[in-house]
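**Q** Have a look at the structure that comes next, please.
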Amino acid sequence: MPQPGPWYKMRMPSFRVETPQRTYSAIVESGIIGRAAEFIPERAGKLFVVSTEDVWRHQGVALARGLRDRRHEVLYLPGGEENKRLAPLESLAERMVLAGGDRSSVVLAFGGGIVTDMAGFLAAIFMRGIPVIQVPTTLLAQVDAGIGGKTGVNLESGKNLIGSFHQPVAVLIDPSVLATLPEREYRAGLWEIVKAGIIREAALFHFLFDQSAAVLARQPDAVARIIADSVRMKCEVVTADEREGDLRRILNLGHTFGHALEAETAYRRFLHGEAVAFGMRAAVRLGETAGHLSAADGAQILDLIARYGPIPSLAGIAAEPLLKRLVHDKKTVRGAVHFVLPVGIGAVEIVSGIEEPLVLDALRFALS
Ligand code: GLY
């Protein structure tokens, strides 16, 4: 992928996350993985790079070069949402111990959102917690999963139901690694960026609308800009509310519905971003029918979601089982499902107590 041009160079984007647990930078810079060694904490012991064989095959040489002469051990996760479970982490932890890992060890998470979540959780629980450097390699992980310290794995009964907040020491976001990202993964990541536009970034929303051809063609300036806007937004939100007591809940637009879809299809049929796109469509419908969103804004949001589609076929999935699954989502508190609903372009509200028939209707709409 060619290097980004003037817009990107002027901004040199690096954003701070300040939480009670830790303050760190999320740096958006083409080629930053070539400087990965600079971000390893001083006096760190063994370095464990946690990745997948696939990511390592495509990007391992670049990261190894960036680690310079720093010795490191590469550990592989199986990859795939259906393998985002506790068992692979236990095996990796055993291997870390056998390799001499101790409380001075550091994990470098190198992969997509499944890797950043799992490797982050491994770091959170290994010897009661060691540092993690997040180096996300998919668009989705670069703008969302790799930032903000949410780590965890799935249970049979739901997504990310075991986990921990474990803030990284740094997040290195290198847009140039996206050159090898498959088209489907790229579009799935774009939907998380669409989400950023809908919930808080009206200018980003309109940019995504007007420049969809440049974005879909992965034009470097356009890609760097949408990544930077999304990362800034995420850093601001996490800084304001690390533990999702309040503002951070807006990041869950489309997720409650999306998680139900992922669980219902055993995590095998949809990428996370695709499930979020489905969920955002349901949220738009619910926003309209519950009286929070105008038909004109709703239509514009649906149009933007469609521009980055299509969502893979939803054939054979019924609304009723999805509705049942909503109550198992961890955003459900004392049986009440809380929905993030768009109320305009760049604004959302958290709403609970919505009548079941409206929720069912929203699911049916999104499935249609
Ligand atoms: N992915 C949503 C969050 O980080 O809160």
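**Q** Where in region 167-231 are there helices (runs of 4 or more DSSP H), lying wholly inside it, with at least 2 residues that are open to solvent by less than 10 Å² (accessible area, probe 1.4 Å) and under 25 Å from Asp297 (Cβ atoms)?
**A** Numbers: elements: 183-199, 202-210, 212-216.
Here the list reads 183-199, 202-210.
**Q** With the requirement that a residue be closer than 25 Å to Leu155 by Cβ and either more than 12 Å from the ligand (Cβ to nearest atom) or over 15 Å from the mean Cα position of the chain (by Cα) (or both), what does region 245-264 give you?
**A** Gly245, Phe257, Ala260, Leu261, Glu262, Ala263, Glu264
**Q** Of the numbered conditions (1) of a type outside the set (Ser, Thr, Tyr); (2) under 21 Å from Val143 (Cβ atoms); (3) over 16 Å from the mean Cα position of the chain (by Cα); (4) within 16 Å of the ligand (Cβ to nearest atom), Ala275 satisfies every one except a single condition; which is it?
**A** Here Ala275 meets the rest and fails (3).
**Q** Restricting to region 151-166, what's the tally of residues that are part of a loop (DSSP other than H, G, I, E, B) and within 13 Å of the ligand (Cβ to nearest atom)? First the steps, then the outcome.
**A** Just the residues of region 151-166 that are part of a loop (DSSP other than H, G, I, E, B), to begin with: 156-157, 166.
Cutting the leftovers down to within 13 Å of the ligand (Cβ to nearest atom) gives us 166.
Of the residues in that region, 1 qualify.
**Q** May I ask you to say which residue of Gly258, Gly353, Gly346 is of a type outside the set (A, V, I, L, M) and within 19 Å of Ser230 (Cα to Cα)? Walk me through it before giving the result.
**A** Values: Gly258 fails: within 19 Å of Ser230 (Cα to Cα); Gly353 fails: within 19 Å of Ser230 (Cα to Cα).
Selected residue: Gly346, the only one of Gly258, Gly353, Gly346 that is of a type outside the set (A, V, I, L, M) and within 19 Å of Ser230 (Cα to Cα).
**Q** Since Tyr8 meets every condition but one in (1) buried (at least 19 other Cβ atoms within 10 Å of the Cβ); (2) part of a helix (DSSP H, G or I); (3) modelled with pLDDT of 95 or more, which condition does it not meet?
**A** Here Tyr8 clears every test but (3).
**Q** Could you tell me which numbered condition Gly273 fails, if it satisfies all but one of (1) open to solvent by 10 Å² or more (accessible area, probe 1.4 Å); (2) closer than 29 Å to Ser157 by Cβ; (3) touching a Gly at 6+ places or on another chain (Cβ under 9 Å); (4) of a type outside the set (A, V, I, L, M, F, W, C)?
**A** (1)
**Q** Which condition from (1) in a helix (DSSP H, G or I); (2) of a type outside the set (Val, Ile, Thr); (3) more than 16 Å from the ligand (Cβ to nearest atom) is the one that Leu140 breaks?
**A** (3)
**Q** Additional query: Just checking: which of the helices (runs of 4 or more DSSP H) contained wholly in region 52-130 hold 2 or more residues that are in contact with a Gly (Cβ under 7 Å, 6 or more places away or on another chain)? Reasoning before the result, please.
**A** Working: elements: 53-66, 86-98, 113-125.
Here the list reads 53-66, 113-125.
**Q** Condition (residue is at pLDDT 95 or above, in contact with a helix residue (DSSP H, G or I) (Cβ under 9 Å, 6 or more places away or on another chain) and more than 15 Å from Ala366 (Cα to Cα)) applied to region 272-287: is it met by at least one residue?
**A** From region 272-287, those at pLDDT 95 or above are 273-287; that's our starting set.
Cutting the leftovers down to in contact with a helix residue (DSSP H, G or I) (Cβ under 9 Å, 6 or more places away or on another chain) gives us 273-287.
Pick out the ones that are also more than 15 Å from Ala366 (Cα to Cα) and you get none.
Checked region 272-287: no residue is at pLDDT 95 or above, in contact with a helix residue (DSSP H, G or I) (Cβ under 9 Å, 6 or more places away or on another chain) and more than 15 Å from Ala366 (Cα to Cα).
**Q** Looking only at region 95-129, which residues are more than 18 Å from Lys46 (Cα to Cα) and among the hydroxyl-bearing types (Ser, Thr, Tyr)?
**A** Of the residues in region 95-129, the ones more than 18 Å from Lys46 (Cα to Cα) are 111-118.
Passing the criteria: only Thr116.
**Q** Give me a count of the residues in region 31-51 that are closer than 15 Å to Ala170 by Cα and in a loop (DSSP other than H, G, I, E, B). It would help to see each step written out before you state the result.
**A** In the first step, residues of region 31-51 are kept if they are closer than 15 Å to Ala170 by Cα; the result is 32-42, 44, 47, 49.
Filter once more, keeping what is in a loop (DSSP other than H, G, I, E, B): 40-42, 44.
Total satisfying the criteria: 4.
**Q** Please tell me if Gly148 is open to solvent by 10 Å² or more (accessible area, probe 1.4 Å), within 16 Å of the ligand (Cβ to nearest atom), touching a residue at least 12 places away in the same chain (Cβ under 8 Å) and within 11 Å of the chain's Cα centre (by Cα). Full working, then the answer.
**A** Numbers: open to solvent by 10 Å² or more (accessible area, probe 1.4 Å): no; within 16 Å of the ligand (Cβ to nearest atom): yes; touching a residue at least 12 places away in the same chain (Cβ under 8 Å): yes; within 11 Å of the chain's Cα centre (by Cα): yes.
Spelling it out, it is not the case that Gly148 is open to solvent by 10 Å² or more (accessible area, probe 1.4 Å), within 16 Å of the ligand (Cβ to nearest atom), touching a residue at least 12 places away in the same chain (Cβ under 8 Å) and within 11 Å of the chain's Cα centre (by Cα).
**Q** Within the group Gly120, Gly34, which residue is closer than 30 Å to Arg218 by Cα and either open to solvent by 10 Å² or more (accessible area, probe 1.4 Å) or in contact with a Phe, Trp or Tyr (Cβ under 9 Å, 6 or more places away or on another chain) (or both)? Break it down stepwise before answering.
**A** On the way: Gly120 fails: either open to solvent by 10 Å² or more (accessible area, probe 1.4 Å) or in contact with a Phe, Trp or Tyr (Cβ under 9 Å, 6 or more places away or on another chain) (or both).
Matching residue, one of Gly120, Gly34: Gly34.
The values are calculated or read from the model by the stated rules, or taken from the named source; none is laboratory data. The model shown is predicted, which means the values in this text are computed figures rather than measured ones. Methodologically, a virtual Cβ is constructed for each residue, glycine included, from the backbone with ideal geometry; neighbour enumeration extends over all protein chains shown. Just so you know, the surface numbers come from the protein's heavy atoms only, side chains and all, with ligands and any DNA or RNA stripped out. Shrake-Rupley method; radii C 1.70, N 1.55, O 1.52, S 1.80 Å.
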